[in-house]
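Asker: Have a look at the structure that comes next, please.
We did not get these values from a lab; they are worked out from the coordinates using the rules stated. Source: prediction; values computed, not measured. As a convention, Cβ positions derive from the backbone with ideal geometry for all residues, glycine included, and neighbour counts pool all protein chains shown.
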Amino acid sequence: MSRITPSNGLFPMDYHMHTHHSCDAHHTMADMAQVALARGIREIAFTEHFDPKPEDMCAGCYDPAPYFAELDEVRHQFAPLGLTIRAGLEAGEYHLYTDTIQPVLDAWPYDYVLGSLHWVGDHSVFDAAYFQASAAEETAAGYFTELARLARHGGFDVLSHADVIKRTSYRVYGHFDIADWEDLVRPVWQACIDNGIGIEINTSGLRLAVSQTQPSLPALKWYHDMGGELLTLGSDSHRPEHVGFELATAMDLAREAGFTRLCTYERRQVAQWIAL
């Protein structure tokens, strides 16, 4: 597959980034924004982890007040340089913790909210032991069935890393092909389309042994062919060197899947369509 750089030399967005406001990252917003600016990214979103599940490593870590205070500072610093910075959040298991998450969304001026699934019942999708104890058919069915529940519930803007189980599944089983799970993925896409929820091409899997975007090309084609239009790009970066990681590859995949445009968000609404 060819690597095509946009003709104006700029990448439209990196809409999945974490800073020290997430429990698993340590860099400032300015650290990340400076790299985004240097790499020709026009618009970024800091989507910090908000994971209310008590067993989650990030439970109790997110505080919107210091997040928005620092966001205001970096916006004033980088807006004159041409970088737009959106207020984002990655909400974990929103369908199970709506009573905790929704008041935060109502109280603060977010632009872009990711919905993520990191747990299936009491099992973390990053725990190898969960996969080692079960067959691939069982773990995939459990994950995608729960993901469809999340998408049917709605309340967020874009579904994050839709087949994130591949990160651990590949390490344990030595194989992951989304085409094996088409019958499980299509109901997720239908729920997204019905609820006006977009999806992202998350490039973090290209940094891992599985070496695939999340989701990969076949699933992107299903979403497009089913009528899905809302699409964003994100590196899922937790450190500066990963900002903008493989965005060119993500754009190539979007084109190959049939997409002709991406969307940006402001105040929880689609703000602009950007041609690919």
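Asker: To one decimal place, what Kirkwood hydrodynamic radius in Å is obtained for the range 14-275 from all pairs of distinct Cα atoms?
Answerer: Working: mean 1/r = 0.0546 Å⁻¹.
Mean inverse Cα-Cα distance, inverted, gives 18.3 Å.
Asker: Skipping prolines and chain starts, which residues have an amide H placed within reach, meaning under 5 Å, of the one on ALA271, given they are 5 or more residues away or on another chain?
Answerer: Excluding prolines and chain starts, which carry no amide H, the hits are THR264, TYR265, GLU266.
Asker: List the cysteines in the chain whose Cβ has no other cysteine Cβ under 4.7 Å from it.
Answerer: Lacking a cysteine Cβ partner under 4.7 Å: CYS192, CYS263.
Asker: At 7 Å along Cα-to-Cβ for each site, give me the label-to-label distance between ALA69 and ALA128 in nm.
Answerer: 4.1 nm
Asker: Give me a comma-separated list of calculated 3J(HN,Hα) values for the range 124-137, in order, Karplus coefficients 6.51, -1.76, 1.60 applied at θ = phi - 60°, integers in Hz, x for any Gly or Pro.
Answerer: Values, residue by residue: 6, 6, 9, 8, 4, 4, 4, 6, 5, 8, 9, 6, 4, 4 Hz.
Asker: Skipping prolines and chain starts, which residues have an amide H placed within reach, meaning under 5 Å, of the one on ARG261, given they are 5 or more residues away or on another chain?
Answerer: Close amide H contacts, sequence-distant or interchain: LEU276.
Asker: Could you list the residues of the range 142-185 with an amide nitrogen less than 20 Å from a label point located 7 Å from the Cα of ASP99 in the Cα-to-C-beta direction?
Answerer: Only 150, 153-156 pass the distance filter.
Asker: Please list, ordered by chain and number, the residues whose modelled amide H lies under 5 Å from the amide H of VAL120; skip anything fewer than 5 residues away on the same chain.
Answerer: Those lying under 5 Å, H to H, from VAL120 are VAL125.
Asker: Calculate, in nm to one decimal, what ARG207 and THR145 gain on full extension: separation in residues at 0.36 nm each, minus their alpha carbon distance.
Answerer: On the way: separation 62, 0.36 × 62 = 22.32 nm, distance 2.65 nm.
Taking ARG207 through THR145 to full extension adds about 19.7 nm, to one decimal.
Asker: Determine the calculated [θ] at 222 nm for the chain from helices alone, applying -39500 (n - 2.57) to every DSSP H run no shorter than 4 residues and normalising by the residue count; nearest 500 deg cm²/dmol. Numbers along the way, then the final one.
Answerer: Details: 9 runs with 99 residues, N = 276.
Helices in the chain give a 222 nm mean residue ellipticity of -11000 deg cm²/dmol.
Asker: Using a Debye calculation, one point per C-alpha and no hydration shell, please list log10 I(q)/I(0) for the range 167-246 at q = 0.16, 0.17, 0.24, 0.27 Å⁻¹ in order.
Answerer: So the normalised log intensities work out to -0.66, -0.73, -1.16, -1.25.
Asker: Place the peptides 35-46, 11-22 in order of packing, highest mean first, counting for every residue the other Cβ atoms within 10 Å and averaging per peptide.
Answerer: On the way: 35-46: 20.8, 11-22: 25.2.
By packing density, highest mean first, the sequence is 11-22, 35-46.
Asker: Using only the Cα atoms of the range 1-159, construct the convex hull and provide its projected area averaged over every direction, in square nanometres to one decimal.
Answerer: One quarter of the hull surface, i.e. the mean projection, equals 11.4 nm².
Asker: Return a whole-number percent for the relative contact order of the chain, with Cα pairs under 8 Å and 6 or more residues apart as the contact set.
Answerer: 21 percent
Asker: Contour minus end-to-end for GLU229 and ARG186, with contour as 0.36 nm per residue of separation and end-to-end as the Cα-Cα distance?
Answerer: 14.0 nm
Asker: Something else: Which whole-Hz couplings ³J(HN,Hα) result when phi for each residue of the range 213-218 is put into the Karplus expression 6.51 cos²θ - 1.76 cosθ + 1.60, θ = phi - 60°, listed in order with x for Gly and Pro?
Answerer: Coupling constants for the range 213-218: 6, 10, x, 8, 4, x Hz.
Asker: Under a point spin-label approximation (7 Å from Cα along Cα-to-Cβ), what is the CYS61-THR260 distance to one decimal in nm?
Answerer: Reported label-point gap for CYS61 and THR260 is 4.2 nm.
Asker: Compactness ratio of the range 90-153: Cα Rg over 2.2 N^0.38 Å, N = residue count?
Answerer: Taking N as the residue count of the range 90-153, the ratio is 1.29.
Asker: At a Förster radius of 30 Å, what calculated FRET efficiency corresponds to the Cβ-Cβ distance of ALA248 and ASP177, to the nearest 0.05?
Answerer: 0.80
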